[in-house]
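The block underneath contains the structure these notes are about, expressed in structure tokens.
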Amino acid sequence: MSVPISGYLLLAAVLFAIGVIGALTRRSGIAIFLSIELMLNAANLTLAAYSRLLGDRAGQMVIFFALAVAAAEAAVGLALFIGIYRLRRTIDVNRLNLMRW
Amino acid sequence: MEAAVFLLFGLVALVSAIMVVAHRNPVYATMSLVVTLVATAVLFVLLGSPFLAALQILLYTGAILVLFLFVIMLLNIGRERPSGARTTAQTWGSVLLALLLAGSLCRLLWDAHSDSVPAPLEVQFTSLRGVSDLLFSTYLLPFEMIGLLLLVAVVAASWVARRAEGEPPVDPEEERP
Amino acid sequence: MQPVDLLWLVPALPFLGAAVNALLVRNHQKSLISAVGVGFPGLSLALALAILWQYLASIRPQAIEQVLYAWTTGDFAIDVGFRLDPLSAVMLFVVTFVGFWIHLYSVGYMGHEAGYRRFFSYLNLFMGMMLLLVLGNNFVVLFVGWEGVGLCSYLLIGFYYEEVFPPFAGKKAFVVNRIGDFAFLLGVFAIYANWGTLRFGELGERVLADPATAHRPYLLGLSVAGFVALCLFGGATGKSAQIPLFVWLPDAMAGPTPVSALIHAATMVTAGVYMVVRANVFYQLAPEISMVVAVIGAATAIFAATIGLAQNDIKKVLAYSTVSQLGYMFLAAGVGAYTAAIFHLATHAFFKACLFLGSGSVIHAMGGEQDMRKMGGLRKQLPVTYRTFWISTLAIAGIPPLAGFFSKDEILAGAFAYGADLYKLLWIVGLVTAGLTACYMFRAVYLTFEGRFRGSHEQEHHLHESPRVMTLPLVVLAAGAVVAGWVGIPAGLWHAFGLPDKNLLHHFLAPVVAELPERAAEHEMSVAIELALMLASVVVAVTGILLARRWWLARGLAADEAFAARAGAVRRLLENKYWVDEIYDRLVVRPLRGLARVCWKVVDTLVIDGALHVGAFVTELTGDLGRFTTTGNVRQYALYFLGGVVLLFWWMIL
């Protein structure tokens, strides 16, 4: 028996939601970043599902590029983390509050 | 058959996702993410994109998450302190909103595609040949630009993370952040 | 370059004088102030005389118009322009001549005042405005002058602004005038709405060409002409102090005496008469309104005369006298004797100015005292003042051959001859008033100059005749009071001596009075009736003088006291001017004050300020609430972000 496409889509939606919760709830910067990666992954899954549904390989291309962009983003983001840590000796988002008045 | 695989790895993905979000220890969280990504890769295969599954494992788990681990180790990031948000309201607000979002998405997707039938699988679709054909013809320009993007990212990352003149290296024995 | 081409300079010179004194001269340069303040009106007078000479010699009876520039163009085209015709020529002469001598007098009278420079500046400004008024060639320029003299009146009445009363009197004058001005403007609007022009020449032609428009029913149950006439007269009652808007004139005596002489006797108050005569075509087309004018004029005349009998302040006597004489002028206008009105205006200017300046001389000698009860026997110390005052009083009483006789007599004859019985009644009123006039004026003379001195010792030592700069104008004006009447000796009198009719003024002014078919044929009275009327006026006047002699020459103040004892209530009624001010206060001023208070406390404070406060409060509240979103807490922002995404998602996709 084959799985209906909606199953994949629903799964992706749930994974995305979990990622959102993580991004908004966690205190450590790294954890937030991980949640963001989770969200990206869920989006990729959605794309793959749609690609399969429509038979259009463009979806696969987008996933390809998304993957590459995620890599770039992760690199820069982690570099930023290192920079912040150097300055403030903390990754705790609650303590990184320079924007607060 | 497919259903069984889907259910199994879907469940795995779900559970490990929850673990990513829930674990206080960053290393455990990262490892959970690895599991999630691998399970997703399997799902990719089920969806007729083995190449992407391979790429996912190679790049995402093999490179990116390794990088995460490196940084965690480098900065000696310890267990996260509890009480993430400033107020309970914030926590519950986010959870609520996220669930709302999930619910809406699910509803939408279900309404749209509950009875959608995927197109028949062509060899063009799944084969590496098919992917590379497309990649190097129609999508050549984005492909090249991705290369440029990666170059920029590398340069930026190196520069941002550099040690300034006279600054002492990060001491792993130091008090955990 | 002929003198007439410089017509515009006549009003411009006093304005220039005012500006020079205001801006370029220092307070301590007294001789310069005097030179400028008297010089510019003097130049104006010289120029006016030259213009009049030329006009009389060659140009009359044509009218000359000189347009300086077009103020507005298009549909509502107003020029700044001047008109020299017989009427404005007479006014020009009166204003410049009398004005000049009063300016000269002021050098002596105001010499010790702190605000000397300010005084001359204002006085010159007044001259300029008054000349604008009389020389203007359309209603708008007239109105500019009208308002301008009102302003100067306010400024000059309140000249002693550090005291309590003068500013109040100035305000009162201005506000009461304003009420009249409202009516005046309504009249002007109606004129424009119906005839499309405000220029005097053009307007006269258009009205005469199409009488149907004038008789069309309009507002308030009146015809167009009637409405216009009534509204214009409303303005005149304000400016020329008739019932019901005369109340400002007696209080205006708070200003310096030259001001009272110039503005409140000779010129400004006569502006209403001038204006009515200017617009005589409307009054001729609306006989019912003309009747109103005549009745109010006569009523005012006798009303004010009775009050004058019981006043103790010499200036107040003269003020009420002015109101009364102005009533005569309006009586004349109301019976169609427009020439007579202007004639009386001119003669009155001479003797009233002389009387006021004379009273100023007395006040000056008395060190500021104005109450006649403290005066007496001044004829010895103030001979020139006494004689000129006496002459002018004879003139105002209407004793021939002085000026007042001829002008007043022409008015009374006009009233008698007009037709309906009502006018005979008005004639009687006028006659009685003439008697009263003689009576109260000589009362003033006797109380002031005859008998024993009733003041204090210091005042007695201070008594002295005024300097030449003050007595010269007195003499000149008194001379005018004697001879001015001779230009208007009525036809009847000429005929009585078998001479050709040489009523110069009448012939001169004839073109100004509109020729209407329904105009009552020039009242042809038989010579006999005319002489009889003249005799009647003389008899009445002499009776008044004799009564005054019997009461006040012989007994001085005792006469007043006896009167108070015998008819105390009447005396009190007159002395308190029929309590008109108090009545107005109750009826009009207090309700208006109450209304103003409501506007202030409720409308302004509660409603308007309240609305603003509410607005500010809402803004503040919004700010206070909005503050909570800008915490700098990024996670909170992320939460908002998510919320926004969910909302967008719902809105756009679902």
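The values are calculated or read from the model by the stated rules, or taken from the named source; none is laboratory data. Please read these numbers as outputs of a predicted model, since none were measured by experiment. Every residue, glycine as well, gets a Cβ built from its backbone with ideal geometry; the counts of neighbours run over all protein chains shown. Note: areas computed on protein heavy atoms with side chains; ligands, DNA, RNA excluded. Shrake-Rupley method; radii C 1.70, N 1.55, O 1.52, S 1.80 Å.
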Specify the inter-centroid distance of region C:319-363 and region C:413-490, based on alpha-carbon positions, in whole Å.
-> 10 Å
For the protein assembly as shown, with equal point scatterers placed on the C-alpha atoms only and solvent neglected, what are the log10 I(q)/I(0) values from the Debye formula at q = 0.06, 0.09 1/Å, to two decimals?
-> -0.56, -0.90
Given unit charges at Cβ for Lys, Arg (+) and Asp, Glu (-), the dipole magnitude of region A:5-88 about its Cα centre in debye, nearest 20, is 280 debye
Alpha-carbon Debye profile of region C:493-629, log10 I(q)/I(0) at 0.10, 0.11 Å⁻¹ = -0.82, -0.87
Where the accessible area of chain C is counted over protein heavy atoms with a 1.4 Å probe, how much of it, in %, is carbon and sulfur?
-> 68 percent
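Can you give the average number of partner chain beta-carbon atoms within 10 Å of each beta-carbon in peptide B:119-130, as a whole number? Each step should come with its number before you reach the end.
Working: counts 6, 1, 2, 2, 0, 2, 6, 3, 0, 0, 0, 2.
The shielding value for this peptide is 2.
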Per-residue HN-Hα couplings for region A:68-78 [Karplus 6.51, -1.76, 1.60; θ = phi - 60°; Hz; x = Gly/Pro] = 5, 5, 4, 4, 4, 5, 4, 4, 5, x, 5
Starting from the residue with the highest accessible area, list C:461, C:507, C:364 in decreasing order, probe 1.4 Å.
-> C:461, C:507, C:364
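What number do you get for chain B when its Cα radius of gyration is normalised by 2.2 N^0.38 Å, N = residues?
On the way: Rg = 21.1 Å, N = 177, 2.2 N^0.38 = 15.7 Å.
Against the compact-globule rule of thumb, the ratio is 1.34.
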Averaged per residue, what accessible area in Å² does region A:5-88 show with a 1.4 Å probe, protein chains only?
-> 26 Å²
Spin-label pair residue C:67/residue B:22, simplified geometry with 7 Å Cα→Cβ offset, distance in nm = 9.9 nm
Give, rounded to the nearest 20 debye, the magnitude of the charge dipole that region C:539-654 has about its Cα centre when Lys and Arg contribute +1 at Cβ and Asp and Glu contribute -1 at Cβ.
-> 700 debye
Straight-line reach from residue C:171: which aspartates and glutamates have Cα under 18 Å away, leaving out those fewer than 8 places along the same chain?
-> C:147, C:162, C:163, C:181, C:251, C:581, C:582, C:585
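Mean 1/r over all different Cα pairs, inverted: what Kirkwood radius does chain C give, in Å?
Values: mean 1/r = 0.0375 Å⁻¹.
Mean inverse Cα-Cα distance, inverted, gives 26.6 Å.
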Mind checking which aspartates and glutamates have their C-alpha under 16 Å from residue C:380, skipping anything on the same chain fewer than 8 residues away?
-> C:450, C:460, C:465
For chain C, whose charge dipole is built from +1 on Lys and Arg Cβ atoms and -1 on Asp and Glu Cβ atoms, the candidate among C:128, C:71, C:598 with its Cα farthest towards the positive end is C:598
By how many degrees, 0 to 90 and rounded to 10, does the Cα axis of helix C:200-209 deviate from the longest principal axis of chain C?
-> 80 degrees
Relative contact order as a percentage, chain C, C-alpha pairs under 8 Å and 6+ apart, gives 12 percent
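Counting protein heavy atoms only and a 1.4 angstrom probe, how many square angstrom of accessible surface do chains B and A bury in total, to the nearest 100? Before the final figure, lay out the partial values.
On the way: alone 14180 and 7640 Å², together 14370 Å².
That pair of chains buries around 7500 Å² in total.
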Please work out the C-alpha center-to-center distance from region C:82-117 to region C:173-203 and express it in whole Å.
-> 26 Å
Size of charge dipole - the protein assembly as shown - debye, nearest 20, with Cβ of Lys, Arg +1 and Asp, Glu -1, no other charges = 2340 debye
Give a residue-ordered list of calculated ³J(HN,Hα) values for region C:572-577 (Karplus: 6.51 cos²θ - 1.76 cosθ + 1.60, θ = phi - 60°; whole Hz; x for Gly, Pro).
-> 5, 4, 6, 5, 8, 6
Count neighbours as other Cβ atoms within 10 Å of each site's Cβ, and list the trypsin sites (Lys or Arg not before Pro) in region C:416-496 that are DSSP loop with at most 11 such neighbours.
-> C:452
Expressed as an acute angle from 0 to 90° and rounded to the nearest 10, what is the orientation of the C-alpha long axis of helix C:403-417 relative to the principal long axis of chain C?
-> 80 degrees
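Of all the stretches in chain C, which is the longest one without any exposed loop site, taking GluC sites (Glu not before Pro) in a DSSP loop (any state but H, G, I, E, B) with at most 14 other Cβ atoms within 10 Å?
Working: sites that count: C:113, C:162, C:163, C:515, C:518, C:522, C:524.
It works out to C:164-514.
My understanding is that a pair violates if its Cα-Cα distance is over 24 Å; which of C:172/C:316; C:316/C:408; C:315/C:374; C:315/C:408; C:374/C:577; C:239/C:374 do that in this structure? The partial results should precede the final answer.
Working: C:172/C:316 16 Å; C:316/C:408 22 Å; C:315/C:374 14 Å; C:315/C:408 22 Å; C:374/C:577 21 Å; C:239/C:374 33 Å.
From the list (C:172/C:316; C:316/C:408; C:315/C:374; C:315/C:408; C:374/C:577; C:239/C:374), the Cα-Cα distance tops 24 Å for C:239/C:374.
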In whole percent, what relative contact order does chain B give with Cα contacts below 8 Å and a gap of six or more residues?
-> 21 percent
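I'd like the trypsin sites (Lys or Arg not before Pro) in region A:37-101 restricted to DSSP loop residues with at most 15 other Cβ atoms within 10 Å, sorted by number.
On the way: sites: A:52, A:57, A:86, A:88, A:89, A:95, A:100; in loops: A:57, A:89, A:95, A:100.
Sites meeting the loop and neighbour criteria: A:89, A:95, A:100.
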Taking the Cα centre of each part, how many Å lie between region B:9-59 and region A:1-64?
-> 10 Å
Cα extents of region C:76-173 along the three principal axes, largest first, in whole Å?
-> 44, 29, 18
Farthest towards the positive end of the dipole of chain C, among C:256, C:490, C:88 and with Cβ unit charges of +1 on Lys and Arg and -1 on Asp and Glu, lies the Cα of C:256
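Give me the number: length gained by fully extending residue C:182 to residue C:567, i.e. 0.36 nm times residue separation minus the C-alpha to C-alpha distance, one decimal in nm.
Details: separation 385, 0.36 × 385 = 138.60 nm, distance 4.09 nm.
So the chain would gain 134.5 nm between residue C:182 and residue C:567.
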Using 7 Å Cα-to-Cβ label points, what is the residue B:89/residue B:115 separation (nm, one decimal)?
-> 4.7 nm
Calculate, in whole percent, how much of the Cα-Cα pair population of region A:5-88 lies beyond 21 Å.
-> 39 percent
Express in Å², to the nearest 10, the accessible area of residue B:126 obtained by rolling a 1.4 Å probe over the protein heavy atoms while all chains stay in place.
-> 40 Å²
So if R0 is 56 Å, what FRET efficiency would residue B:63 and residue C:600 give, r being the distance between their Cβ atoms, rounded to the nearest 0.05?
-> 0.10
Under 5 Å, built H, 5+ apart or other chain: amide partners of residue C:67 | C:82
